[in-house]
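A.B. asks: Let me begin by handing over the structure; questions about it come next.
The values are calculated or read from the model by the stated rules, or taken from the named source; none is laboratory data. Keep in mind the model is a prediction, meaning the values are calculated, not measured. In this analysis, Cβ positions are derived from the backbone assuming ideal geometry, glycine residues included, and neighbour counts consider all displayed protein chains. Note: accessible area is taken over every heavy atom of the protein model, side chains too, but ligands, DNA and RNA are not part of it. Shrake-Rupley method; radii C 1.70, N 1.55, O 1.52, S 1.80 Å.
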Amino acid sequence: MSEKFRNGVPAWTREHAAGLDRDESNVAPVIYPPDERLDEDLHIWDTWFLRNRDGSIAEIDGYRVIFSLTSPSDLLPGKRHDVATIRYFYSRDGEEWTTGGVVFDGGALGQRQWAGSAMYDPDGDGGSAEGSEAGDVYLYYTAAGEDGAEELTYTQRIALATGGTVHTDDDGFSIEGSWDHRVILTPDGDWYEREDQSRGMIYTFRDPWFFEDPASGETYLLFEANTPVPEGAGECDDPVWEEFNGSVGIAHSPTGDPTDFELRPPLLDAVCVNQELERPHLVVRDETYYLFVSSHVHTFAPELTGYDALYGFVADDLAGDYQPLNGHGMVLTNPRGAPFQAYSWLVYDHGDDLLVSSFFNYFDYDRSSLDDVGLLSPEEQQRRFGGTLAPTVRLALDGDETDLVDTLGHGHLPLPREELPTPWWERDGDATRGGY
């Protein structure tokens, strides 16, 4: 399928994806374990900032805040998704993080909670005490699994929790309050595949990401989904490819109310190309829209060679004709000798550059599939799982092209106003990149 659009939706095509390749512009250096993990008692993976309504990083009385999916660190890493719990962490300098605790003390929807986004409203009353900063938190998340089911299920709905408030005092930062949970989006079966329609290896309707369009002021949620492709539809040259039907979905709030959204047609689909376009999010610069997703080597359709990587697309407006960055879509990936060292990348603007956070996944592991992790002893599985924040990557952005500039420390997440370290190529003039 070579069409630029599929049913009016911009398409990431097989022709685009056929050009995917590791090179010095997109391969991160090998990651080594930090001296200390962010929290030795926790596995930490998918992570996102508390952001203001306009998308900027919230800074509350000098604190920046992140949310992460977590599980106890004595659990086998492969089991962590079955018990995922959202916790928050806070920092004054973006390098040293303090564990704030579990966000939801009961009442959350689903058998477990998967990734989402968080928006801060400083005008909320926050139950504020004199001398403290306060405001309300809107936490969008994936309610995974059917509530009350005895067996683990994989139903996915997009949920919102409201009622949480932030507080600061001499003891630090906290998120408190009585949360109200509701499902705000479910798939319609027309634009977005329902679970009973799914024929692929993985079903997706998750990863809500709040977005206010700077051009229009309109309010949206992006999310990961799948495009319905009935068996025998003839969408692809090979019927097997039709099972690979990932898309980036979007919902609109007609009134701007951040609790009320209506589904709209996808921003992008990858039918015949890829099954999962995870954690979609946007960066807007100079009236240009940069759409980013994460995806896996094993979710590409047969006869395509992809990677565990960050992928990106660019358009002139929110609903525009998204074209792959760098001609093929790959922005950042892992080196050949450590193909699964990082995952779940999140991009944010920093002056002339982009910064990319992720989590430290499997290291000292060069097999071609994560399926082989289960062949390792439990001790080896634990040893080789990072389970903390990865080094932040610095990218240069020039129109529709990106280039890897430098890496910062594990979990170093500077605010846009904070100066970045001197890039490696200025520190070490004779250094070269390799391993791709």
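A.B. asks: Output the number of the condition that L38 fails; it satisfies all remaining conditions of (1) more than 30 Å from Y154 (Cα to Cα); (2) under 20 Å from the mean Cα position of the chain (by Cα); (3) in a loop (DSSP other than H, G, I, E, B).
C.D. replies: (1)
Residue-by-condition table, conditions (1) touching an Asp or Glu at 6+ places or on another chain (Cβ under 6 Å); (2) without any contact (Cβ under 8 Å) to a residue 24 or more places away in the chain; (3) under 21 Å from D21 (Cβ atoms):
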residue: E235; (1), (2), (3): yes, no, no
residue: P258; (1), (2), (3): no, no, no
residue: L263; (1), (2), (3): yes, no, no
residue: Y289; (1), (2), (3): no, no, no
residue: L310; (1), (2), (3): no, no, yes
residue: D317; (1), (2), (3): no, no, no
residue: G329; (1), (2), (3): no, no, yes
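A.B. asks: Restricting to the stretch 281-327, name every residue that is charged (D, E, K, R) and under 18 Å from the mean Cα position of the chain (by Cα).
C.D. replies: First pass over the stretch 281-327, keeping only residues charged (D, E, K, R): 285-287, 303, 308, 316-317, 321.
Listed by number, the list holds a single entry, D308.
A.B. asks: Tell me, yes or no, whether the stretch 226-245 has at least one residue that is in a strand (DSSP E or B), open to solvent by 10 Å² or more (accessible area, probe 1.4 Å) and in contact with a Gly (Cβ under 9 Å, 6 or more places away or on another chain).
C.D. replies: From the stretch 226-245, those in a strand (DSSP E or B) are 226; that's our starting set.
So of that shortlist, the ones also open to solvent by 10 Å² or more (accessible area, probe 1.4 Å) come out as none.
No.
A.B. asks: Now for a different question. Please work out which residue is surrounded by the fewest Cβ atoms within 10 Å (Cβ to Cβ), limiting yourself to the stretch 196-216 and to residues that are charged (D, E, K, R) and either farther than 25 Å from T299 by Cα or within 20 Å of the chain's Cα centre (by Cα) (or both). If you could, list the steps in order and put the result at the bottom.
C.D. replies: Initial filter on the stretch 196-216 (charged (D, E, K, R)): 196, 199, 206-207, 212-213.
Pick out the ones that are also either farther than 25 Å from T299 by Cα or within 20 Å of the chain's Cα centre (by Cα) (or both) and you get 206-207, 212-213.
Working: R206: 22, D207: 32, E212: 19, D213: 17.
Result: D213.
A.B. asks: Suppose we filter the stretch 255-301 for residues that are closer than 28 Å to H181 by Cβ and part of a loop (DSSP other than H, G, I, E, B); how many remain?
C.D. replies: 9
A.B. asks: On to the next question. Can you name every residue in the stretch 215-259 that is farther than 28 Å from S344 by Cα and charged (D, E, K, R)?
C.D. replies: E231, E235, D237, D238, D257
Conditions tested, residue by residue: (1) touching a Gly at 6+ places or on another chain (Cβ under 8 Å); (2) surrounded by fewer than 20 Cβ atoms within 10 Å (Cβ to Cβ).
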site: F49; (1), (2): no, no
site: S71; (1), (2): no, no
site: T85; (1), (2): no, yes
site: F89; (1), (2): yes, no
site: R92; (1), (2): yes, yes
site: G101; (1), (2): no, yes
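A.B. asks: Report, ordered by the first and then the second residue, all pairs with beta carbons closer than 7 Å, sequence separation of six or more or different chains, a first member in the stretch 373-391 that is in contact (Cβ under 8 Å) with a residue 12 or more places away in the chain, and a second member that is surrounded by fewer than 22 Cβ atoms within 10 Å (Cβ to Cβ) and acidic (D, E).
C.D. replies: Listed by first residue and then by second, the contacts come to R384/D364.
A.B. asks: Does N361 satisfy being of a type outside the set (K, R) and crowded, with 24+ Cβ neighbours inside 10 Å?
C.D. replies: Values: of a type outside the set (K, R): yes; crowded, with 24+ Cβ neighbours inside 10 Å: yes.
So N361 fits the description; yes.
A.B. asks: With respect to the numbered conditions (1) farther than 29 Å from V297 by Cα; (2) modelled with pLDDT of 95 or more; (3) over 20 Å from the mean Cα position of the chain (by Cα), which one is the sole condition not fulfilled by G189?
C.D. replies: (1)
A.B. asks: One residue is enough: does the stretch 249-258 have a residue meeting the conditions of a type outside the set (K, R), buried (at least 19 other Cβ atoms within 10 Å of the Cβ) and under 14 Å from R14 (Cα atoms)?
C.D. replies: No, the stretch 249-258 contains no residue that is of a type outside the set (K, R), buried (at least 19 other Cβ atoms within 10 Å of the Cβ) and under 14 Å from R14 (Cα atoms).
A.B. asks: Just checking, does the stretch 5-17 include any residue being farther than 28 Å from V284 by Cβ and either in contact with a Leu (Cβ under 9 Å, 6 or more places away or on another chain) or open to solvent by less than 50 Å² (accessible area, probe 1.4 Å) (or both)? So that I can check it myself, show each step before the final result.
C.D. replies: Within the stretch 5-17, the first condition is being farther than 28 Å from V284 by Cβ, and the residues that meet it are 14.
Of the ones still in play, those that are also either in contact with a Leu (Cβ under 9 Å, 6 or more places away or on another chain) or open to solvent by less than 50 Å² (accessible area, probe 1.4 Å) (or both) are 14.
For the stretch 5-17, residues farther than 28 Å from V284 by Cβ and either in contact with a Leu (Cβ under 9 Å, 6 or more places away or on another chain) or open to solvent by less than 50 Å² (accessible area, probe 1.4 Å) (or both): present.
A.B. asks: Quick one: in the stretch 154-195, which of the residues that are β-branched (V, I, T) and in a loop (DSSP other than H, G, I, E, B) is least open to solvent (accessible area, probe 1.4 Å)?
C.D. replies: As a first pass, look at the stretch 154-195 and keep what is β-branched (V, I, T): 155, 158, 162, 165-166, 168, 175, 183-184, 186.
Adding the requirement that they be in a loop (DSSP other than H, G, I, E, B) leaves 155, 186.
On the way: T155: 26, T186: 71 Å².
Residue satisfying both the conditions and the ranking: T155.
A.B. asks: Here's something else I'd like to know. Give me a count of the residues in the stretch 238-267 that are of a type in the set (D, E, K, R) and under 21 Å from H298 (Cβ atoms).
C.D. replies: Taking the stretch 238-267 first, the residues of a type in the set (D, E, K, R) are 238, 242-243, 257, 260, 262, 264.
Within this subset, residues satisfying the condition of being under 21 Å from H298 (Cβ atoms) are 238, 242-243.
Qualifying residue count, the stretch 238-267: 3.
Yes/no matrix, rows are residues, columns are (1) within 18 Å of K79 (Cα to Cα); (2) of a type in the set (S, T, N, Q); (3) in contact with a Pro (Cβ under 6 Å, 6 or more places away or on another chain); (4) open to solvent by less than 30 Å² (accessible area, probe 1.4 Å):
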{"site": "F340", "(1), (2), (3), (4)": "yes, no, no, yes"}
{"site": "P378", "(1), (2), (3), (4)": "yes, no, no, no"}
{"site": "G411", "(1), (2), (3), (4)": "no, no, no, yes"}
{"site": "E418", "(1), (2), (3), (4)": "no, no, no, no"}
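A.B. asks: Within the stretch 55-91, how many residues turn out to be more than 27 Å from D213 (Cα to Cα), among the hydrophobic types (A, V, I, L, M, F, W, C) and in contact (Cβ under 8 Å) with a residue 60 or more places away in the chain?
C.D. replies: Residues flagged as more than 27 Å from D213 (Cα to Cα), among the hydrophobic types (A, V, I, L, M, F, W, C) and in contact (Cβ under 8 Å) with a residue 60 or more places away in the chain within the stretch 55-91 amount to 2.
A.B. asks: Exactly one of (1) farther than 20 Å from S344 by Cα; (2) crowded, with 22+ Cβ neighbours inside 10 Å is unmet by V273. Its number?
C.D. replies: Against the list (1) farther than 20 Å from S344 by Cα; (2) crowded, with 22+ Cβ neighbours inside 10 Å, V273 comes up short only on (1).
A.B. asks: While we're on this one: Do the conditions hold for G126, that is, is it outside any loop (DSSP other than H, G, I, E, B), modelled with pLDDT under 95 and in contact with a Gly (Cβ under 7 Å, 6 or more places away or on another chain)? So that I can check it myself, show each step before the final result.
C.D. replies: Working: outside any loop (DSSP other than H, G, I, E, B): no; modelled with pLDDT under 95: yes; in contact with a Gly (Cβ under 7 Å, 6 or more places away or on another chain): yes.
Considered against the rule, which asks whether it is outside any loop (DSSP other than H, G, I, E, B), modelled with pLDDT under 95 and in contact with a Gly (Cβ under 7 Å, 6 or more places away or on another chain), G126 comes out as no.
A.B. asks: Have a look at R367, R417, R394 and point out the one that is of a type in the set (K, R) and farther than 27 Å from S117 by Cβ. Reasoning before the result, please.
C.D. replies: Working: R417 fails: farther than 27 Å from S117 by Cβ; R394 fails: farther than 27 Å from S117 by Cβ.
Going through R367, R417, R394 in turn, the sole match is R367.
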